[in-house]
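So the structure is just underneath, and the comments pick up after that.
What follows is calculated from the coordinates using simple rules that are stated; it is not laboratory data. Predicted model only: the values in this text are computed from it and were never measured. Cβ atoms come from the backbone with ideal geometry, glycine included; neighbour counts cover every protein chain shown.
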Amino acid sequence: MAFIWKKLRRHPHKVGLVLSGGGLRGIGHLGALKALEEHGLKPSVISGCSAGAIIGAFYAAGHTVGEMLQIVQKNDLFPATSFRLRTSGFVDTRFLSRLFQQYVPANTFESLVLPLYVAATDLLSGKTAYFHTGPLDEALLASSSIPLMFPAVRHGDAVYYDGGVLDNLPVQPLLGQCDFLVGVHVNAPDTITPEQLTPMKTLDRIIHLAIGQSVARNAKKCDLFIEPPDMLQFGMFGKKDLMRIYEYVYAYTSEQLAKR
């Protein structure tokens, strides 16, 4: 590993980056990106799921980390007007479509500066789909449609939901495509005591553990895996923790890179 790292630091290798889901904890990906860039690890191909897919898309479109922070701070990602009872979900996602189209107006994978793969769960086939061509906003909505909260995205005969259901660290599309693979997971489960297991905490714990299985498997395929601890101290929704999340993951990633 040390030899590969030194070689990578001296030569312009192709770096692949995989970004997990995690709601607004996904803002931590910006901190990781900033630290990676400062250490000469600028990605040239990206794969992402849910929040990671959205961050990956904006980065692949040419937006800098600083610009993306401004976009997040400027826009209310979950405005109160979007929470309306619907047939297939509780949140009206048209505001997300408008956001994507505002900042990535070409709205196609082919228009991006960097190649991007977006993971979504096909509910009918029970398999993960990896979008790489065609309309970008449809793929991002499919990848980030949390079951029961967001409406499903229908495309042809397929019904898509959040990619994190089956593959929350989508390394598969990048295997064999890059010389050095970096994975970032911003939604690791924390430690818990029996006394804390309320019914809701129990359900949340079960979901996190189930989703975490795909992350654990795919983390082994990464040359570098970044997983900041104690991320559940931050909420998945709500803007008050945005800069704290960014700074926390930036500091953790910088610390890990300094050890290499």
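Just to be sure I understand the model, the point goes 7 Å from the Cα along the line to the Cβ. What's the resulting His132 to Leu148 distance in nm?
My value for the distance between the label points is 3.5 nm.
Considering the chain as a Gaussian network with a 10 Å cut-off on Cα pairs, which listed residue, Asn168, Asn107, Asn75, attains the greatest mean-square fluctuation?
In the Gaussian network model the winner is Asn75.
Just checking my list (i) 47, 46, 32; (ii) 54, 50, 38; (iii) 60, 48, 30 against Cα extents along the principal axes in Å computed from this structure; which label fits?
(ii)
Report, in deg cm²/dmol and to the nearest 500, the calculated mean residue ellipticity at 222 nm for the chain, where each DSSP H run with n ≥ 4 adds -39500 (n - 2.57) and the sum is divided by the residue count.
-11500 deg cm²/dmol
Mind listing the long-range amide H neighbours of Ser47? Cut-off is under 5 Å, sequence gap 5 or more, other chains count too, H placed in the peptide plane at 1.01 Å from N.
Leu17, Val18, Leu19, Tyr117
I need the calculated FRET efficiency for the pair Lys220 and Lys74, taking r as the beta carbon distance and R₀ as 45 Å, to the nearest 0.05.
E(calc), rounded to 0.05, equals 0.75.
Estimate the FRET efficiency between Glu37 and Ala106 by the formula 1/(1 + (r/R0)^6), using the beta-carbon distance for r and 30 Å for R0, to the nearest 0.05.
0.80
At 0.36 nm per residue, and after removing the present C-alpha to C-alpha distance, how many nm does the segment from Gln177 to Arg260 gain when stretched out fully?
Answer, rounded to one decimal: 27.6 nm.
Round to the nearest 0.05 the FRET efficiency obtained for Arg98 and Leu123 when R0 = 25 Å and r is the Cβ-Cβ distance.
0.50
Which of the three applies to region 112-162, rounded, prolate or oblate, going by the alpha-carbon gyration tensor with a ≥ b ≥ c and a/c under 1.5 meaning rounded?
Because a/c hits 1.5 or more and a/b exceeds b/c, region 112-162 counts as prolate.
Extending each Cα 7 Å along its Cβ direction at Leu114 and Asp190, get the distance between those two points in nm, one decimal.
Distance between the two pseudo-spin positions: 3.0 nm.
Nearest 20 debye, what's the magnitude of the dipole of the chain about its Cα centre given +1 on Lys and Arg Cβ and -1 on Asp and Glu Cβ?
Its charge dipole is roughly 420 debye.
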